[in-house]
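Q: Got a structure here, written out as structure tokens. Questions coming.
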Amino acid sequence: MSLSLVSIGYTYGRGTSFGMRALHDVSLEVAPGELVLVLGATGSGKSTLLRIAAGLLRADEGEAVLDGVSLDRGSARGVVGLIFQDAESQLFADTVLEDVAFGPRNMGASREEALASATESLRAVGLDPATFKDRSPFSLSGGEARRVAIAGVLAFHPRYLLADEPTAGLDAKGRRAMRSLLLEARAKAGVVVVSHGAEEFLADADRVIVLSGGGCALSSTPRELVATPSMFDRVGLRAPDVLEVQRLAASRRSADMPYTLDPAEAARSLTHGGGQR
Amino acid sequence: MSHSYTTGAHSVPAVRDVSLDIGPAEYVAVLGANGSGKSTLVRLINGLLLPSSGEITVNGIGTHDEAGIGTIRESVSVVFQNPDDQIVATSVEDDVAFGPENLGLARDVIRERVAWALESVGLCGLERREPHLLSGGQKQRLAIAGALAMQPHWLVLDEPTSMLDPVGRVEVLDVLEAVADSGRSVIHVTHDLSEAMRASRALVMHEGCIVFDGSPGDLLCATDRLESWSLELSPLLTLAEELRDHGIVVPRAASTPAAIVEALCR
């Protein structure tokens, strides 16, 4: 079982004079139990890739396969869950509970099943159902609204979960909650996280893909990427700050050190060993 | 002042009994969890919302004073999170000119203001560019230029970097610092402690109240309370703390990798 995109290409406004090629020759594979991180600057094609993986856009080059069948809007329905970047702007119902239950209801669950599943999903995203279920989705703070939107996706138990910048705009607690939520989701689903910053999910990812100008600039493992921070520059990204400090220090001291994302470990190797002046 | 949002039977207090004075030429970072009342505070400051109780005055004019609200909006310019939501024109220069044009200023005054605003945010040379062809960081700097063209006394920004990639983020932060250095007040709402380190004053909101008002450096010392306010040291600030534990003197103001390496290699 896997969601597999092979040498995908996509052009917006294909065949018109406004045609804009957003993706070319990009591959992505994720199986339940895996987390794949897709990095890239604004405009690198990340969101287009997610829309194709969710069956919302049909790739015009390459092959898209979902658990052995052709990936399209129909086969993706109820199997692939997509959390948009501004997830909270998708809320629409009168109450939080109705909003979250909409997905499962639409997939054919009975009202009771849908409400039970919605209640459970609210709990999973850290919102107490008793407090939140009857509130209007439009009276929530940004972070709460984001979590309600995600509960709406979790409620239909997707086998693949795609998240576009899931932590943008969230506070520290919200980001931590979101991170553990997606890591937990990995137990049952294949998770793809798209982000423009590497700091948050790099340590947990099974694989990393970096997009640049619509193409695949790098397909690697987090371990490899951390070990060679210059790779970030080569693909037009900023290295995480902690790596950047180690790299700058190493070049000032002309000494190499084992790179790490962990601040405590980095402090140890920067102060002891790891190259003296 | 206080403010509650009311929908049906629910009334949610968003800002509770807050008193606050922000002077000229201050760079104030407003921190706090999602839902702590930061955005409500921003909307109260320029009269987009009126307080349920208490009052807000800008240069002596109350936001409840309908005759004065125009003057207030001229002296308080707000930039929101999503640059796409606040771009109105089809070219960069027209977009920046939109505000001053609405003030009915003379053509050459408008032209001067547009040129100055674009220079302030580093977008010179892109005057004729269509805004949708700009990068995220450029778009947000365009929104800031539009706000600056009103020559406000206070520039208020509600999480201006949260939708930007790391490169765009640094571009915007550098612009804010330059605006503050030029003598205007900047009120910068953010979740991010390392962004707040650039400010001269930090406010923390928690459940609608202001629970900290002091220097950003002192805020870092309140380690035990940061957690309960849902603030967190970034990996970089954590690294700086760890280095201090190892006896390295790292200035509180060091909030970039280069500044920390400078301290390390001294």
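Bear in mind these aren't lab numbers, they're just calculated from the coordinates by the rules spelled out. These numbers were taken from a predicted model, which means no experiment stands behind them. Positions of Cβ are backbone-derived with ideal geometry, glycine not excepted, and every protein chain shown enters the neighbour counts.
Q: Restricting to helices (runs of 4 or more DSSP H) lying wholly in segment A:166-247: which have 1 or more residues that are in contact with a His (Cβ under 8 Å, 6 or more places away or on another chain)?
A: So the answer is A:172-185.
Q: Within segment B:168-182, can one find any residue that is of a type outside the set (G, A, S), within 13 Å of chain A (Cβ to nearest Cβ) and in contact with a strand residue (DSSP E or B) (Cβ under 7 Å, 6 or more places away or on another chain)?
A: Looking for residues that are of a type outside the set (G, A, S), within 13 Å of chain A (Cβ to nearest Cβ) and in contact with a strand residue (DSSP E or B) (Cβ under 7 Å, 6 or more places away or on another chain), one finds none in segment B:168-182, hence no.
Q: Oh, and also: Scan segment A:155-167 for residues that are aliphatic (A, V, I, L, M) and farther than 19 Å from A:L66 by Cβ and jot them down.
A: The one that is aliphatic (A, V, I, L, M) and farther than 19 Å from A:L66 by Cβ: A:A155.
Q: Please find, among A:S219, A:S212, the residue that is under 18 Å from the mean Cα position of the chain (by Cα), surrounded by fewer than 18 Cβ atoms within 10 Å (Cβ to Cβ) and more than 9 Å from every other protein chain (Cβ to nearest Cβ).
A: Selected residue: A:S219, the only one of A:S219, A:S212 that is under 18 Å from the mean Cα position of the chain (by Cα), surrounded by fewer than 18 Cβ atoms within 10 Å (Cβ to Cβ) and more than 9 Å from every other protein chain (Cβ to nearest Cβ).
Q: Still on this model: Condition first: among the charged types (D, E, K, R), assigned to a loop (DSSP other than H, G, I, E, B) and either touching a Phe, Trp or Tyr at 6+ places or on another chain (Cβ under 8 Å) or within 11 Å of another protein chain (Cβ to nearest Cβ) (or both). Now tell me which residues in segment A:248-277 satisfy that.
A: Across segment A:248-277, the qualifying residues are A:D262, A:R277.
Q: What are the residue pairs meeting all of these: first residue in segment A:121-141, first residue within 13 Å of A:A155 (Cβ to Cβ), second residue of a type in the set (K, R), Cβ atoms under 9 Å, and 6 or more apart or on different chains?
A: A:L122/A:K133; A:L122/A:R147; A:V125/A:R146; A:V125/A:R147; A:L127/A:K133; A:L127/A:R147; A:P129/A:R123
Q: How many residues, within segment B:215-266, are at positive phi and more than 7 Å from chain A (Cβ to nearest Cβ)?
A: Here the count works out to 1.
Q: Kindly indicate the residue of segment A:133-149 that is more than 8 Å from chain B (Cβ to nearest Cβ) and more than 21 Å from B:V189 (Cβ to Cβ) and also surrounded by the fewest Cβ atoms within 10 Å (Cβ to Cβ) among those meeting that condition.
A: It comes out as A:D134.
Q: Of the residues B:E195, B:E241, B:E227, only one is over 19 Å from the mean Cα position of the chain (by Cα) and over 15 Å from A:A264 (Cβ atoms); which?
A: Of the residues listed, the single one that is over 19 Å from the mean Cα position of the chain (by Cα) and over 15 Å from A:A264 (Cβ atoms) is B:E227.
Q: Looking at A:A54, A:A109, A:A41, A:A101 in this structure, which one is under 27 Å from A:L202 (Cα atoms), away from chain B (no Cβ under 14 Å) and crowded, with 17+ Cβ neighbours inside 10 Å?
A: A:A54
Q: Any residue at all in segment A:225-234 that's under 26 Å from A:L49 (Cα atoms), away from every other protein chain (no Cβ under 11 Å) and aromatic (F, W, Y)?
A: Looking for residues that are under 26 Å from A:L49 (Cα atoms), away from every other protein chain (no Cβ under 11 Å) and aromatic (F, W, Y), one finds none in segment A:225-234, hence no.
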